[in-house]
Amino acid sequence: MAETALERWVNQAAALTQPDRIVWCDGSEEEYQSLIELGLREHVYHRLNHTAYPGCYLHRSHPSDVARTEHLTFICSDRRDDAGPTNNWMSPRDADEQILPLFRGAMKGRTMYVLPYVMGPLGSPFSKVGVEVTDSVYVATSMRIMTRMGRAALEQLGGSDDFVPGLHSIGDLSPSRRFIMHFPQRRAIWSIGSGYGGNALLGKKCFSLRLASAMGREQGWLAEHMLVLGLEDPQGNVSYIAAAFPSACGKTNLAMLVSALPGYRVRTVGDDIAWLRIGADGRLWAVNPEAGFFGVAPGTSDQTNPNMMAAIRRDTLFTNVALTPSGVPWWEGINGAGPAGLIDWRGQLWGRNGDKAAHPNSRFTVRAANCPSMSPHWEDPQGVPISAIVFGGRRARVAPLVFQSFDWQHGVYVGAGMASETTAAATGAVGVTRRDPMAMRPFCGYNMGNYFAHWLRLGGLMPCPPAIFHVNWFRTGADGRFLWPGFGDNVRVLKWIIERVQGHAAAVETPIGYVPAPGSLDLAGLDLPAGALADLLSVDREAWEAELTEQAQFFSQFGRRLPDEVSHEHQALAERLGVAEAIS
Ligand code: OXD
Ligand code: MN
């Protein structure tokens, strides 16, 4: 029988990397169990207490390989300018000459696992097939949780060549030979030298965001770093919200929050990535391409995210968390001080010398189906219709708790102007403000100037586009403490957002957008200190002046690729604030 495109590519990958064995994964439960057993024998996994945590295992990564490495992540478009100023660029030819040789013989003595997978619900017209080859048993087992992997993907592919090939090897794990390469024209991914999820589970950031964003630009859709949730009101009506926040700003917690308002309920569609398309009805529809959650463990607790705590009590892979003497996973924020005899994420007795017991970017990997808050529609082939888009970030001073943009164009500018204080999900300084448009800066597979234009264009194609909002759960008072309780109380803001879309909630116009009018935010049962609400909703003119200056510097990098509409909105805001002179 003639070789299929997939077989041809796998053979080429094997000829290059020279594995001892090739295993085509079928995605079955038996196969998963045998891979876990193998991982246990090879000390890739450690068994957790199976009475308390059945089917759960711990993986400890190499200590230098604990987060995404943006400085080693490249977009290999033909032209540098097509990758744009926010991406590292390498020409495809240089990648062939300099990076491909690192794969030569990289799998000698190892097994190559061939992982066909589907991103998107099975049977959805929006789903896409990828195939990852990897020499990591951790990746093979994690991809089974995070994607629809195995036979179903081969069935969807048939003999077609319509798949994204992803070549992955942990190589020698050396940071100097670690590269995460994306080829938007060839639609291919190479990743070497890292076993960390965001670098190595190629269906996630590499395919579903970086390559998919470039595909979406060509094909008229959006791949976004967004959670999707349904807010159910006391009458049982459900409205869907897609929300973009930079890494580790609480997306997962928001996606599955337990409502502080009686009668309201949040149903989860996804916690990290949304593929958005305009439907035949002119509305924007979202699917979650993933099948699982790869969430940050520290800070997750029965108080902050009871749904996730329930999800991860079985069949979960933990990475770089600490371990109690009884073999139970532990991390900072789970339940007070760590018990005596705690083993830290490196496998050593925890010294309590100021070091964290769990790595700040330690994770759990769990199937979405484990989570009690999943929406009955989370796998609908057509997705769910989006009523509101929410942008957000960690801003101590500048952004109010919530504001609504005046229209789509202004909303796109609000997204383009987003910034946040950095966290531990990527290597680099923590706590520094960085500009992160639409939370896509690390994930946009092409020039962000064109990306803003793509957003603007899609808005023009929708007769009634979703309303666009901005939220900030992290505003602090003069004493440096958070003004807003966050978590389950964030439902109050979601309620206001949906009531705005429905035309029920009152708002006050400010230079930056509409903020809740007095009494329109449902604060029943919440004891906010006097003055806190006014502080939360205030627009600090001085802070905005500095913000506009920083935005101008950031936008100037895009030169002629920055859409005029974004510059106009920036200028118009400066005029409304009365600071136009200062920033020009
Ligand atoms: C993630 C991230 O892992 O954004 O989702 O880093
Ligand atoms: Mn993310």
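Side notes on the structure shown:
- Rounded to the nearest 10 degrees, the inclination of helix 29-41 to the longest alpha-carbon principal axis of the chain is 80 degrees.
- Net charge dipole size for the stretch 339-441 [Lys, Arg +1 and Asp, Glu -1 on Cβ; Debye, nearest 20]: 440 debye
- For Ala419, nonlocal amide neighbours, meaning residues 5 or more places apart or on other chains whose placed amide H falls under 5 Å from its own, are Asp436.
- Evaluating 6.51 cos²θ - 1.76 cosθ + 1.60 at θ = phi - 60° for every residue in the stretch 130-146, the Karplus couplings come out as x, 9, 10, 9, 8, 9, 10, 6, 4, 5, 4, 6, 5, 5, 5, 7, 7 Hz, glycine and proline recorded as x.
- Ordering of 558-570, 165-177, 515-527 by packing [mean C-beta count within 10 Å, highest first]: 165-177, 558-570, 515-527
- Carbon/sulfur fraction of accessible area - the chain, other protein chains in place, 1.4 Å, %: 50 percent
- Think of a 1.4 Å ball rolled over the protein heavy atoms: the stretch 498-584 then has 53 Å² of accessible area per residue.
- HN-Hα J in Hz across the stretch 72-80 - Karplus 6.51, -1.76, 1.60, θ = phi - 60°, x for Gly and Pro: 10, 9, 10, 9, 9, 7, 4, 10, 4
- Length-normalised contact order of the stretch 374-514 in % [C-alpha pairs under 8 Å, at least 6 apart]: 34 percent
- Near Phe391, the amide H atoms lying under 5 Å from its own belong to Ala244, Phe469, His470, Val471; only residues 5 or more places off or on other chains count, and H is placed 1.01 Å from N.
- Of Ala260, Ala311, Gly383, farthest towards positive along the dipole that unit charges on Lys, Arg, Asp, Glu beta carbons give the stretch 250-392: Ala260
- With a cut-off of 13 Å on the backbone N, no residue of the stretch 326-342 is near the modelled label site 7 Å out from Glu37 along Cα-Cβ.
- Cα gyration tensor shape of the stretch 164-259, rounded if a/c is under 1.5, else prolate or oblate by comparing a/b with b/c: oblate
- Prolate is the label for the stretch 100-246. Its Cα gyration tensor axes, ordered a ≥ b ≥ c, give a/c of at least 1.5 and a/b above b/c.
- Rolling a 1.4 Å probe over the protein chains gives His504 an accessible area of about 130 Å².
- By accessible area with a 1.4 Å probe, ligands and nucleic acids excluded, highest first: order of Ser420, Ser556: Ser556, Ser420
- Taking amide H atoms as placed 1.01 Å from N in the peptide plane, the amide H of Thr86 lies under 5 Å from those of Met448, each 5 or more residues away in sequence or on another chain.
- Rounded if a/c under 1.5, otherwise prolate or oblate - the stretch 292-431, Cα gyration tensor axes: oblate
- For the chain, the Cβ-based charge dipole about the Cα centre amounts to some 860 debye (Lys, Arg positive; Asp, Glu negative; other atoms uncharged).
- Along the stretch 83-89 the Karplus relation, 6.51 cos²θ - 1.76 cosθ + 1.60 evaluated at θ = phi - 60°, assigns HN-Hα couplings of 7, x, x, 8, 10, 6, 10 Hz to successive residues, with x for each Gly and Pro.
- Counting only protein heavy atoms and using a 1.4 Å probe, the accessible area of Trp408 comes to about 30 Å².
The values are calculated or read from the model by the stated rules, or taken from the named source; none is laboratory data. Predicted, not measured: the structure shown is a model, and the values here were computed from it. We place every Cβ from the backbone using ideal geometry, glycine too, and count neighbours over all the protein chains shown. Ligands, DNA and RNA are excluded from the accessible area calculation, which covers all protein heavy atoms including side chains. Shrake-Rupley method; radii C 1.70, N 1.55, O 1.52, S 1.80 Å.
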